[in-house]
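None of the figures in this text is laboratory data; all of them are computed from the coordinates on show. Please read all numbers here as calculations on a predicted model, not as lab measurements. Methodologically, a virtual Cβ is constructed for each residue, glycine included, from the backbone with ideal geometry; neighbour enumeration extends over all protein chains shown.
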Amino acid sequence: MKNEFRRKHGEFDSSSKKNDFRRKHGESDSSSKKTFSITTIIFFFLGVITLAGFLLLFFFPDLFDQVIKGRTSFFNTKPTLHQVIIDLNGKERKLPDRGIIEVQSGDKLNLVDVDTSVFFNRGINAEIENIQSDIGFNAPVEINKMVEATLKSFHDGQGKEFRLTFHKNGAAFGSIGIKVALTAADWLTWGDAQKEGKVKIKCYQFAKKLSPENPEINLRLAETYKAAKDLRDSIKAYEEAVKADPKNMDNLLSLEDLYSKTKNNDGLIITYERILKLDPKNATVYNNLGYAYFKKGDLKMAEGAYNKALVINPKDADFRTNLAKVYEQNKNYPQAIKEYEKVSSQNPQNKNVLYTLINLYSAKKDSDNLINTYERLLKLEPKNATLYNNL
């Protein structure tokens, strides 16, 4: 009985231990499941909160900034512009805040990126006052508008600086300078578009400062001065145009016209000599050169010029008459009579030449030729009593 009791007691003990093991093991499984579930829930909620924060930051950056900056004095300051990246004619350049870049008409300028203290640069916009608002990244900057605004403002004719300013929530916090450098072509084109003579002249003068040797600019100035009846400045501009382009015949002929109007014989002589270098067989120009020398009182040079004209065109009565006048003025009467007689033989109806011959024959006291000349003249004026009396 005792043994049986022990066995049973032993069995009871053994069974009790097994039951204890099972109970403890069961308790361990239940605790592990509870711990895993809580951790998962915590990480899940953390993930949701993080995702919500990123979505809020991405879609509502302004609200995010206002919340942070409104609560914390450390963030309640202006954003900082660290760097601006631009593309000028295909080449990227980096500019600091207040940096300056120079452009001119025909350039292509794009805003590539900015480096600021603002999260993801959200809510930032850029503008050039009175030129272009809300300039986006990779959008072209309207250089032509800046060029036109610079031309309208005149100033010193050199150029003007514009500010490309960055804003956050309506407040400016940084900028770079865009300096527009005007070219002679800009002023030339702008001057052509003006209607008022004084304004055109001002534009052409600015162009001339930038390109003093440009013959096209000097020509525009010369023509505008001439239209404004400013012959002196027109001559000066034409002279500079000729200096830059000495083979331009149109400019030389314009100078000839201006020197004639101003009765400037020295200017005429120089101009005719320039023309003759380009057109050495022009008899008319030699004749005009002779007349300029004659008006100046240089009879020897006048005689030479007239003779060259007659070599090229010996039948021109006007050239020969001018040569005869030189001989007459120089009191070389025999030579003068010779030339006048040639003119008279070419045109027997020319009464002026016959009257001149009468004076010359009278001065020489050449009665025979004097009588002959009166008779020729009476054929043209048969009712001239004075001629009969003198005869």
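Below 16 Å, Cα to Cα, which aspartates and glutamates can K247 reach? Residues fewer than 8 away in the same chain don't count.
Counting by Cα, and skipping residues close in sequence, K247 has these aspartates and glutamates nearby: E213, E216, E239, E256, E273, D279.
Give me the dipole magnitude in Debye, nearest 20, for the stretch 78-182 about the Cα centre, with unit charges on the beta carbon: positive for Lys and Arg, negative for Asp and Glu.
Result for the stretch 78-182 is approximately 180 debye, rounded to the nearest 20.
I want to check the label-to-label distance for A227 and S117. Put each point 7 Å from Cα in the C-beta direction and report it in nm to one decimal.
Rounded to a tenth, the inter-label distance reads 5.7 nm.
For the stretch 122-236, report the % of Cα-Cα distances exceeding 21 Å.
The answer is 49 percent, as a whole percent.
Report the semi-axes of the equivalent ellipsoid for the stretch 78-182 in whole Å, largest first, where each axis is √(5λ) for an eigenvalue λ of the Cα gyration tensor.
After diagonalising the Cα gyration tensor, the semi-axes are 24, 14, 12 Å.
Rounded to whole Å and sorted largest first, what semi-axes of the equivalent ellipsoid does the C-alpha gyration tensor of the stretch 184-316 yield via the square root of 5 times each eigenvalue?
In descending order the semi-axes read 34, 14, 11 Å.
Excluding same-chain residues fewer than 8 positions from K78, which aspartates and glutamates have a Cα within less than 12 Å of its Cα?
Reachable aspartates and glutamates: D65.
Once you list every other residue whose beta carbon is under 9 Å from the beta carbon of F162, what net charge do they have if Lys and Arg are +1 and Asp and Glu are -1?
+1
Just for the Cα atoms in the stretch 73-126, what are the lengths along the principal axes, largest first, rounded to whole Å?
For the stretch 73-126, the Cα spread along each principal axis is 47, 19, 15 Å.
Using the Kirkwood radius over C-alpha pairs as Rh, can you work out the diffusion coefficient of the stretch 244-390 via Stokes-Einstein at 4 °C, viscosity 1.567 mPa s, in µm² per second?
Once the numbers are plugged in, D ends up at 77 µm²/s.
Taking θ = phi - 60°, what integer Hz values does the Karplus form 6.51 cos²θ - 1.76 cosθ + 1.60 yield along the stretch 177-187, in sequence order, with x for Gly and Pro?
x, 10, 8, 8, 9, 7, 10, 4, 5, 4, 5
Taking the Cα-to-Cβ direction at Q329 and at I42 and moving 7 Å from each Cα, how far apart do the two end points lie in nm?
Distance between the two pseudo-spin positions: 12.1 nm.
So which of K261/K281; K315/K351; K160/K236; K261/K308 end up more than 23 Å apart by C-alpha? Before the final figure, lay out the partial values.
Working: K261/K281 25 Å; K315/K351 19 Å; K160/K236 30 Å; K261/K308 25 Å.
Result: K261/K281; K160/K236; K261/K308 exceed 23 Å.
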